[in-house]
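Participant: There's a structure below that I have some questions on.
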Amino acid sequence: MSRESVTVLGLGQMGSALAAAFLAAGHPTTVWNRTPAKADDLVADGARRAGTVADAVAASELVVVCVLDYGVVRELLEPLAGGLAGRTLVNVTSGSPEQAREMARWAAGQGARYLDGGIMTTPPGVGDTASMFLYSGSTEALEAHRATLAVLGDPIDLGEDPGIASLYDAGLLGMMWSVFGGWLHATALVGADGVAAGAFAPVALRWLSTVGLFVERYAGQIDAGRYPGDDATIDVQLATVDHLLHAGALRGVDGRLPELHRELMAKAVADGHGGDSYARLIEAFRPTR
Ligand SMILES: NC(=O)c1ccc[n+]([C@@H]2O[C@H](COP(=O)([O-])OP(=O)(O)OC[C@H]3O[C@@H](n4cnc5c(N)ncnc54)[C@H](OP(=O)(O)O)[C@@H]3O)[C@@H](O)[C@H]2O)c1
């Protein structure tokens, strides 16, 4: 069966991984990069090098762009004057939801279908079906090209609003930094008493999967707007965070992260919600009306 042609614009670390995955799956792949030498390995593996952005776009109905930012995307595509008409533009460059929506309007004006993407992995994870690729925008385009895009990772359809994939991406990265921060803090704490990071890691990983179970349970509480403290109350957790702060202070471990958690819990208790579950703290993050 012949595979769909695809064009990749931008061959930095991520764009090169995307093009390599398309090639490995047998897709005729046309590539373009500002610095042409970055295409050499891909060309050696069978990619076609385009001399200009216009030639690259003309080569395939499906055009994937992965460059530094949305300003560069516009810089590359605006001079094409109609060259995108009838094509599908998949923009996996990182940006804000507002930039994605603006890009979708611009692409519609060019007569192109537009999908905005968030890549939830690093280059070595491209091509692994466990990696999530978030898409929003033209769901029709996603369905038309699903099999090709699935070569990169699991395509997650987030619907017609082109800004939503970027919004998920930003939120998920924030979540990642919070998890990294909590894990690094805990690793520093146990490390102060001589525990190696590698010895702590398996226990930390099992704990992450237990914490994951609460995400599912608490999401239901948040959507229902009711936070029954029938597992562990904020009162109990406020008392417990003091043990963490105390142990950290004695060992000279930076306490800013647990201090923030303590502050949020103490506010909820002061507001009369000490008997609720931890999910009540969503109120601390929500926009004030
Ligand atoms: N790396 C990751 O793990 C990862 C994960 C998720 C999302 N992303 C996103 O993927 C995008 C690319 O990241 P990357 O890691 O591939 O970055 P990178 O290795 O620094 O590559 C940047 C790319 O943008 C091109 N570029 C920059 N300015 C340009 C300009 N003025 N005109 C034309 N091309 C220009 C570069 O071309 P030259 O080669 O000529 O410099 C290169 O192809 C970013 O939006 C990033 O946030 C990356």
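The values are calculated or read from the model by the stated rules, or taken from the named source; none is laboratory data. Here the structure is a predicted model, which is why all the values come from computation and not from measurement. Don't worry about glycine lacking a Cβ; one is built from the backbone with ideal geometry, like all the others, and counts go over all protein chains shown.
Participant: Can you name the residue in the stretch 247-289 that is part of a helix (DSSP H, G or I) and among the charged types (D, E, K, R) and, of all such residues, is nearest to Y218 (Cα to Cα)?
Facilitator: Per the stated criteria, the residue is R280.
Participant: When only residues in the stretch 220-273 that are among the hydroxyl-bearing types (S, T, Y) and touching a strand residue (DSSP E or B) at 6+ places or on another chain (Cβ under 9 Å) count, which is farthest from G194 (Cα to Cα)?
Facilitator: This residue is Y227.
Participant: Read through the list (1) of a type in the set (A, V, I, L, M, F, W, C); (2) away from the ligand (no atom under 16 Å from the Cβ); (3) surrounded by 23 or more Cβ atoms within 10 Å (Cβ to Cβ), then give the number of the only condition that L134 fails.
Facilitator: Among (1) of a type in the set (A, V, I, L, M, F, W, C); (2) away from the ligand (no atom under 16 Å from the Cβ); (3) surrounded by 23 or more Cβ atoms within 10 Å (Cβ to Cβ), the lone unmet condition for L134 is (2).
Participant: Another one. Inside the stretch 71-88, can you point out the residues that are within 16 Å of the ligand (Cβ to nearest atom) and either buried (at least 22 other Cβ atoms within 10 Å of the Cβ) or polar (S, T, N, Q) (or both)?
Facilitator: Listed by number, the residues that qualify are V73, L77.
Participant: Identify all residues within the stretch 89-106 that are surrounded by fewer than 24 Cβ atoms within 10 Å (Cβ to Cβ) and more than 20 Å from L152 (Cβ to Cβ); write none if there are none.
Facilitator: Passing the criteria: S96, P97, E98, Q99, R101, E102, R105, W106.
Participant: Of all residues in the stretch 216-238 being assigned to a helix (DSSP H, G or I) and modelled with pLDDT under 95, which is surrounded by the most Cβ atoms within 10 Å (Cβ to Cβ)?
Facilitator: Out of the qualifying residues, it is R217.
Participant: Take the conditions over 19 Å from V90 (Cα atoms), away from the ligand (no atom under 15 Å from the Cβ) and surrounded by fewer than 23 Cβ atoms within 10 Å (Cβ to Cβ) and apply them to G46. Does it pass?
Facilitator: Criteria met by G46.
Participant: Can you find a residue in the stretch 3-21 that is within 21 Å of L142 (Cβ to Cβ), crowded, with 23+ Cβ neighbours inside 10 Å and away from the ligand (no atom under 12 Å from the Cβ)?
Facilitator: There is at least one residue in the stretch 3-21 that is within 21 Å of L142 (Cβ to Cβ), crowded, with 23+ Cβ neighbours inside 10 Å and away from the ligand (no atom under 12 Å from the Cβ).
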